[in-house]
Amino acid sequence: MQGNNGIDNLIVDAEKRCHAVFEAIDGIALYNQEKLLRAFQKSRISSNHFSGSSGYGYDDLGREKLSEVFAEIFVAEAAVVSPLIVSGTHAINLAFSSVLRPGDTMLSVTGKPYDTLYEAILGDNNGSLKDYGINYKEIPLSDGDFDMAAVAEYLKNAKPKVVFIQRSGGYTGREAFSVGKIAEAITEIRKNAPNACVVVDNCYGEFAEKSEPCEAGADLVAGSLIKNPGGGLAPTGGYIAGKSEYVRQVEYRLTAPGIGCETGSYQSGYRLFFQGLFLAPHTVAQAMKGSALCGAALEAAGFRTFPSIEKAPSDIIRAVEFDTEEQLVAFCRQIQYESPIDSFATCEPWDMPGYRHQVIMAAGTFVQGSSIELSCDAPIKKPYIAYLQGGLTYEHIKIALKKSLNVLINS
Ligand SMILES: *Cc1c(COP(=O)(O)O)cnc(C)c1O
């Protein structure tokens, strides 16, 4: 048994160990905060852009200005940002299905995509890419890294219209790719596939580094507004940013061909999207610091965790491996009990739509399912890895960590 003092000391030591990484994270947040501020100023955002609209939403200034700011921040020619995009899966699938036509091929160079994309790519009779006669090929990662030799070999004979890269590790047990690493991969890919549309799943990566995937040569990036770029305030939505020719296709797919984003209304208005975006670099930094602290403390308590806490990571996820299903479930439950919302609920594993294994999810969040807020999820399968992410404040993460360590160590 380790008393509360023991756990307090463990957290104090972990915090000391994180000193260098915290400084790196602060530097990134400062850089990105200024990028946001300058983008807001350049677009001359004012409070009349917060107003809602109704019906067709012609002349919806908030919609237009929000897209303009996103394009600027993601160093893209254009962007679609919309509360009508229901999730990250929706945004990423929009990118695929907008660009691809029957007979085209999509190549994933980061192995299996995130679980929920599987049905969108390969599902039967559900409007998947496969249903529309689009071919799909994936090249597995080799030791958690791009297998560029296999990619080059494949590209000798094939001309995929879309090349897909997932920045974050998702549930695969690898670390996120840095934007620098993605740039190297895209440079290699372009040698053999100069005209392919490179799509990056940017979920959990936004503002974790000073640059974003379009700066690495990506043609489209997509993600969810209830993750990093919503800053914890956006109530729903998703974004896609990149080259105008592709973004135009996305607009046509999101609404209707020939109409695009000349329409699209949102009665509730846009303040929370703008304000959340403005806060996002800071919120992401809070989550990243909390993630590093959890990594250092859980490692000291004897658990394997990744990514490494020696450098600033490329996403906000902290994976923690447990020895048993019981520990895994106990940890997720404790995160729920330490949430501001629904703290009285006990999480249970369930068959979540789009996932292949039972999943347990702790999300005692203000915005339903928001994972920029402190949340934890885990597929119930070996190895027993929980994916912890988010946290609107470092302090909240620290408090939840302390309680969770208590349960893990003293049970
Ligand atoms: C969360 C996530 C998605 C899917 O986003 P949803 O909003 O859950 O649909 C896709 N890819 C990655 C890497 C993610 O983390």
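The values are calculated or read from the model by the stated rules, or taken from the named source; none is laboratory data. A quick note: this is a predicted structure, and the numbers were derived from the prediction, not measured. All Cβ positions, glycine included, derive from the backbone under ideal geometry; neighbour counts span all protein chains shown. Remember, those area values only see protein heavy atoms, side chains included, never the ligands or the DNA or RNA. Shrake-Rupley method; radii C 1.70, N 1.55, O 1.52, S 1.80 Å.
Descriptive notes on the structure:
- Test: residue in the stretch 39-59 that is assigned to a helix (DSSP H, G or I) and either closer than 30 Å to Ile409 by Cβ or within 23 Å of the chain's Cα centre (by Cα) (or both): yes
- Scanning the stretch 248-263 for residues that are among the hydrophobic types (A, V, I, L, M, F, W, C) and in contact with a helix residue (DSSP H, G or I) (Cβ under 8 Å, 6 or more places away or on another chain), we see that the one that is surrounded by the most Cβ atoms within 10 Å (Cβ to Cβ) is Val250.
- Members of the stretch 98-119 that are within 16 Å of Lys137 (Cβ to Cβ) and within 15 Å of the ligand (Cβ to nearest atom): Ser108, Val109, Thr110, Gly111, Lys112, Pro113, Leu117, Tyr118
- Number of positions in the stretch 108-123 that are crowded, with 23+ Cβ neighbours inside 10 Å and over 13 Å from Asp201 (Cα atoms): 0
- Unique residue being surrounded by fewer than 19 Cβ atoms within 10 Å (Cβ to Cβ), assigned to a helix (DSSP H, G or I), touching a Lys or Arg at 6+ places or on another chain (Cβ under 9 Å) and not charged (D, E, K, R) when the list is Gly62, Gly27: Gly27
- For the stretch 75-83, the criterion of being more than 19 Å from the chain's Cα centre (by Cα) and away from the ligand (no atom under 16 Å from the Cβ) is met by at least one residue.
- Residues of the stretch 52-81 satisfying the condition of being within 13 Å of Thr263 (Cα to Cα) and in contact with an Asp or Glu (Cβ under 8 Å, 6 or more places away or on another chain): Ser53, Tyr58, Val80
- Pro313 open to solvent by 60 Å² or more (accessible area, probe 1.4 Å), assigned to a loop (DSSP other than H, G, I, E, B) and either within 14 Å of the ligand (Cβ to nearest atom) or under 28 Å from Phe207 (Cα atoms) (or both): no
- Residue in the stretch 217-239 that is away from the ligand (no atom under 16 Å from the Cβ), of a type in the set (S, T, N, Q) and modelled with pLDDT of 95 or more present: no
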